[in-house]
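Each remark here refers to the structure printed beneath this line.
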Amino acid sequence: MLLREVEYVRPASVEEAITLLSANDGARALAGGQTLVNVMKARAASPDVLVDLQDLGELRGVRDLGNGSVEIGAMTTYTELAADDARSILGEVAGTIADVQVRNRGTIGGNVCSNDPTNHFPPLLVALGARFTIRGAAGEREVSADEFFLGVYLTAAGPGELLTKITIPPGGQDGFSAVTIGRDGTGIVTAAASLNGGARIAIGCVDAVPVRATAMEERIGHDLSDENVRAAAAGLGATLDPPSDVHASADYRRHLAEVLAVRAVLAAKERR
Amino acid sequence: MTQTETQTEALVVEQTETKPGFAGTSIPRKEDKRLVQGQGVFFDDVKRHGMGYVHFVRSPYAHAKIKSIDVAAALELPGVYGSLTGDEVAILTDPFFELSVKPGADIKDYALAVGRVRHVGEPVAAVVASSREVARDAADLVVVDYEPLPAVTTAEQAQTNDVVLHDEGGSNVVWEGLFDWGDYEGAIAEADHVVKIERLHFDRFSSTPLECAGVLVEYNRGTAQWTLYGNHQMPGVGAIWMAPALRAGIDKLRFVSQDIGGAFGNKICLHPQYVACCLLARKLNRPVQWTEWRTDQHTANAHGNERTFLEIEVPVKKDGTMLGLKVRALDDCGAFPRYEPLGCIIWAQVTPGCYRWRNIRVDFTQVVTNKSPVSPNRGYSRMQHLWLTERVIDLVANELDLDPVEVRKKNYVRTEEMPYETPNGCVYDSGDYAKCLDIALGLIGYDGL
Amino acid sequence: MTSKRITVTVNGEVIEYDVEARRLLVHFIRDDLDLTGTHVGCDTGNCGACTLLYNGVAAKSCMLLAIQADGATIETVESLSPDGELTPLQQSFSDHHALQCGYCTPGMLMSAKHLLDKNPHPSEDEIRKAIQGNICRCTGYVNIVEAIKAVSK
């Protein structure tokens, strides 16, 4: 409940933040703090330096790029996302995370960079085919969603780097379905789908990183009838190796994956 | 409509006008004004000049010998005022008296673990420092050398006494009693069938008040009196436990509480930590404050009794009339009985529940295990028993292929039988259980399920 | 730096204070500023007893560091009725028996205030969602919802 001693810096620019993060192996970015401060309270991890990103206005805000794409600053809070119309699924999902207080502080950047397997945005952004802009001392690069999530708590944004923004390609037929611990609680299994020509379906909470249900995507093809979507989900569970824990057995998670994948696709179909 | 309902129309008291007095009216509370302004005074709100903050070093093992405790590194940390270990406690205090009869009565229960830890989270040492954070840091520097011992994790295992928790007692069985009402053998003889249920288990739980336990203790050297600003929910009882342990008169303990953030039983058995704080306040000659962390509250405050019901027998008639109940109850009170054996007995207030069975035999045994010690927790011990009776009804109905609603109504004590004396001597003076059940069933849309 | 002098506006007053970087905002508020109306109920940011308004929005002060609050504006439960005159919301909590032990109450009031500041006429569902981050162990929530409903007509 009480943190170890730590150093604190509050840079005024992204460049300064990157310099500070690169200068110390034990430096960590502090975004909304809704994960990191808890981790530090439990003393499960104790960074040497906290680099507070709160003054980096460049990292905030949702921008409609005019061509159907949407750009989201990494420091955009869940509350800010929920109030934005640019891509409705984002706000809808953001509005189901935890509670008001957490949503007022927690950020989409924090959600994806902490990459807890039960987080909402990793599978959603994989389904949306999002691209992630990472800036470091060596410059800036863009990474696809499939390449961004590397492992539990591990992403392509490495030490000394910052995720600055997430770009969502044009689209809008998106769906998200979850079974959680209580309403708006932590995910037991989550599923996201985006229909744009073909289907992109991602399952969360079943592995270290979101899993693309590629076989199901292929079987759906262009036939979005309820019948075909349900048939396409058969066998998805067998391809997964989810964990068993107090909330659900591996078998139940396999079952949920199939049920929620269908729900996510059908919800995407309904969204205009 | 059941037969019961039509017969009881005349006996239901209709509400007419509200009579003068408090019952039925909404009375504003005196304490609301300060509480809604954040002006409540909970113990952690109280501050004293020079006070030290306590952090307990707690056992990570369910069962282990303490081979040594080294506080030297902790004491060297700037801002640390001092420490306390079980060795000091064993010299400065006498064990808390146990409410149990032997062998429970022989258990040695101290403010800190002495020689051995018997549950995860048991306090082993305490450090005091100038801030909460430094106290927490200092606790990490206390080195405890443990030799893990086999852990007793179920009541059934405890009963075998393969691993005995308290050498003084010699047995893990701390209480036994046979409760025998009516004529159980007669019930068996009259029965068409005996429903047998091998095992039912009621899990331990915690009532988790939003405010954790804690205390700020000041020691007055001139009068040798301690003043405790705490949230002990029964300070009179706390004093009776603490004073003899501290080798002081009860008049040397002055409890001050204003507001308490819920308790539900979890703030009754705080005397071990409170005594540790009293010793520290005296040793360090400064006020000391302990605030329990939520994790510690969950692990090691006090759980509600865990109870296993074995070899359950219910002699019944074919039509679902229950003639009796026999059960062997095995209660797991955790590492120390403390407030027990009251829980071994108090369930007997509600022995038959709402039902008319007259022949009940309960063979009750309580054992210690390497889990959090229990204390009264919401519904204290009666909840476990009433859960048993309701589970039994459902299982009986299932075995006889009868509607569990009808089995209940058939076996309820009826309004026209009241006042009704139960086999264990309680008097039910009013009530229409069938009607209550119907109302509940209506509210949940039972017919539509 | 492991500590810093921060300037923070708390309940309308500008305060300068030296804080350690690791100091949680809730401990700064309670222990350093003696504003003990904001409470601590858990270790993990779940219970909401520490809820206050941070730059105008409800936030859990156990998940903020005091040092982050340099330049911030904070309102705690003590700001609701500085002269002892209860606000309609506070009075409604008492009238509807929306508190028993009172430990969750400051957090509930700040969450409710945050809701009503943005949305003076919330639906029951919106009220329930607004207090989702505040645990109460005594009342069962029904009266709290009623109390907030009563001032949102």
Open item on the list: Which pairs turn up if I take residues in segment C:97-122 that are on the phi > 0 side of the Ramachandran plot and look for partners that are buried (at least 23 other Cβ atoms within 10 Å of the Cβ) with beta carbon separation below 6 Å, at least 6 apart in sequence or on another chain?
Closed with: C:Gly102/B:Leu35; C:Gly102/B:Gly40
Task: Extreme residue, nearest to B:Arg29 (Cα to Cα), among residues of segment C:80-95 that are facing another protein chain (nearest Cβ under 9 Å) and of a type in the set (Gly, Ala, Ser) - done: C:Ser94
TODO: Output the strands (runs of 3 or more DSSP E) that fall wholly within segment B:43-98 and possess 3 or more residues being closer than 30 Å to B:Ala151 by Cβ and touching a residue at least 60 places away in the same chain (Cβ under 8 Å), or say none.
DONE: B:52-58, B:64-70
TODO: Identify all residues within segment A:93-122 that are under 15 Å from the mean Cα position of the chain (by Cα), in a helix (DSSP H, G or I) and more than 19 Å from A:Cys205 (Cα to Cα); write none if there are none.
DONE: A:Arg103
Open item on the list: Show the residue pairs meeting these rules: Cβ distance below 7 Å; 6+ apart or different chains; first residue within segment B:410-433 and farther than 24 Å from B:Val396 by Cα; second residue of a type in the set (Gly, Ala, Ser).
Closed with: B:Met418/B:Ser430; B:Met418/B:Gly431
Task: Matching option when the condition is part of a loop (DSSP other than H, G, I, E, B) and either touching a Gly at 6+ places or on another chain (Cβ under 8 Å) or within 14 Å of chain B (Cβ to nearest Cβ) (or both), among C:Arg30, C:Arg22 - done: C:Arg22
TODO: Would you please name the residue that is nearest to C:Thr7 (Cα to Cα), looking only at residues in segment C:66-79 that are among the aliphatic types (A, V, I, L, M) and within 7 Å of another protein chain (Cβ to nearest Cβ)?
DONE: C:Ile67
Open item on the list: Quick check on segment B:278-298: of everything there that is β-branched (Val, Ile, Thr) and either assigned to a loop (DSSP other than H, G, I, E, B) or at the interface with chain C (Cβ under 9 Å from one of its Cβ atoms) (or both), which residue is surrounded by the most Cβ atoms within 10 Å (Cβ to Cβ)?
Closed with: B:Thr291
Task: Considering residues of segment A:1-52 that are more than 10 Å from chain C (Cβ to nearest Cβ), among the hydrophobic types (A, V, I, L, M, F, W, C) and assigned to a loop (DSSP other than H, G, I, E, B) only, the residue nearest to the chain's Cα centre (by Cα) - done: A:Ala31
- [ ] Determine whether C:Arg128 is under 24 Å from B:Gly262 (Cα atoms), in contact (Cβ under 8 Å) with a residue 12 or more places away in the chain and surrounded by fewer than 20 Cβ atoms within 10 Å (Cβ to Cβ).
- [x] yes
- [ ] From B:Lys33, B:Lys67, grab the single residue that is surrounded by fewer than 23 Cβ atoms within 10 Å (Cβ to Cβ), among the basic types (Lys, Arg), in contact with a strand residue (DSSP E or B) (Cβ under 6 Å, 6 or more places away or on another chain) and at pLDDT 95 or above.
- [x] B:Lys67
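This table checks each residue for (1) in contact (Cβ under 8 Å) with a residue 40 or more places away in the chain; (2) at negative phi; (3) among the aromatic types (Phe, Trp, Tyr); (4) touching an Asp or Glu at 6+ places or on another chain (Cβ under 7 Å).
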{"position": "A:Tyr8", "(1), (2), (3), (4)": "yes, yes, yes, yes"}
{"position": "A:Leu20", "(1), (2), (3), (4)": "no, yes, no, no"}
{"position": "A:Ala31", "(1), (2), (3), (4)": "yes, yes, no, no"}
{"position": "A:Leu36", "(1), (2), (3), (4)": "yes, yes, no, no"}
Open item on the list: Can you say whether A:Glu92 is over 19 Å from A:Gln173 (Cα atoms) and modelled with pLDDT of 95 or more, as far as the supplied structure shows?
Closed with: no
Open item on the list: I need the strands (runs of 3 or more DSSP E) fully contained in segment B:113-198, keeping only those with at least 2 residues that are touching a Leu at 6+ places or on another chain (Cβ under 6 Å).
Closed with: B:123-129
TODO: Go through segment B:249-259 and give me each residue that's touching a residue at least 12 places away in the same chain (Cβ under 8 Å) and either among the hydroxyl-bearing types (Ser, Thr, Tyr) or touching a helix residue (DSSP H, G or I) at 6+ places or on another chain (Cβ under 8 Å) (or both).
DONE: B:Lys252, B:Leu253, B:Phe255, B:Ser257, B:Asp259
Task: Filter result (farther than 30 Å from B:Ala187 by Cα and of a type in the set (D, E, K, R)) within segment B:292-321 - done: B:Glu292, B:Arg294, B:Asp296
- [ ] Would you check which residues across segment B:43-64 are surrounded by fewer than 22 Cβ atoms within 10 Å (Cβ to Cβ) and within 8 Å of another protein chain (Cβ to nearest Cβ) and list them?
- [x] B:Asp45, B:Lys47
- [ ] Taking A:Arg63 as the residue in question, decide whether it is within 13 Å of chain C (Cβ to nearest Cβ) and without any contact (Cβ under 8 Å) to a residue 60 or more places away in the chain.
- [x] no
Open item on the list: Going through C:Thr139, C:Thr105 one at a time, which residue ends up being under 25 Å from B:Asn231 (Cα atoms) and either surrounded by fewer than 24 Cβ atoms within 10 Å (Cβ to Cβ) or at pLDDT below 95 (or both)?
Closed with: C:Thr139
Task: Single residue of C:Val14, C:Val10 found to be away from chain B (no Cβ under 12 Å), out of contact with any Asp or Glu (no Cβ under 9 Å at 6 or more places or on another chain) and among the hydrophobic types (A, V, I, L, M, F, W, C) - done: C:Val14
Open item on the list: Suppose we keep only residues that are under 20 Å from B:Lys371 (Cα atoms) and basic (Lys, Arg) within segment B:85-126. Which one would you say is surrounded by the fewest Cβ atoms within 10 Å (Cβ to Cβ)?
Closed with: B:Lys108
Open item on the list: Can you report the number of residues in segment C:73-96 which are in contact (Cβ under 8 Å) with a residue 24 or more places away in the chain and surrounded by fewer than 19 Cβ atoms within 10 Å (Cβ to Cβ)?
Closed with: 4
Open item on the list: closer than 29 Å to B:Glu292 by Cα and more than 8 Å from chain B (Cβ to nearest Cβ): which single residue out of C:Ala98, C:Ala49 fits that description?
Closed with: C:Ala98
Open item on the list: Scan segment B:242-252 and tell me whether some residue there is under 30 Å from C:Asp43 (Cα atoms) and of a type outside the set (S, T, N, Q).
Closed with: yes
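Residues that are part of a loop (DSSP other than H, G, I, E, B), in contact (Cβ under 8 Å) with a residue 12 or more places away in the chain and not polar (S, T, N, Q): does segment B:434-447 have at least one?
The answer is no; no qualifying residue exists.
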Open item on the list: Please go through (1) in contact (Cβ under 8 Å) with a residue 60 or more places away in the chain; (2) surrounded by fewer than 24 Cβ atoms within 10 Å (Cβ to Cβ); (3) more than 14 Å from chain A (Cβ to nearest Cβ) for B:Ser130 and return the number of the only condition it doesn't satisfy.
Closed with: (3)
Open item on the list: For segment B:145-169, give me each residue that is within 25 Å of the chain's Cα centre (by Cα) and more than 30 Å from B:Asp70 (Cα to Cα).
Closed with: B:Thr154, B:Ala155, B:Glu156, B:Gln157, B:Ala158, B:Gln159, B:Thr160, B:Asn161
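The values are calculated or read from the model by the stated rules, or taken from the named source; none is laboratory data. This is a predicted model, so every value here is computed, not measured. Cβ coordinates were reconstructed from backbone atoms using ideal geometry, including for glycine residues, and neighbour counts include every protein chain displayed.
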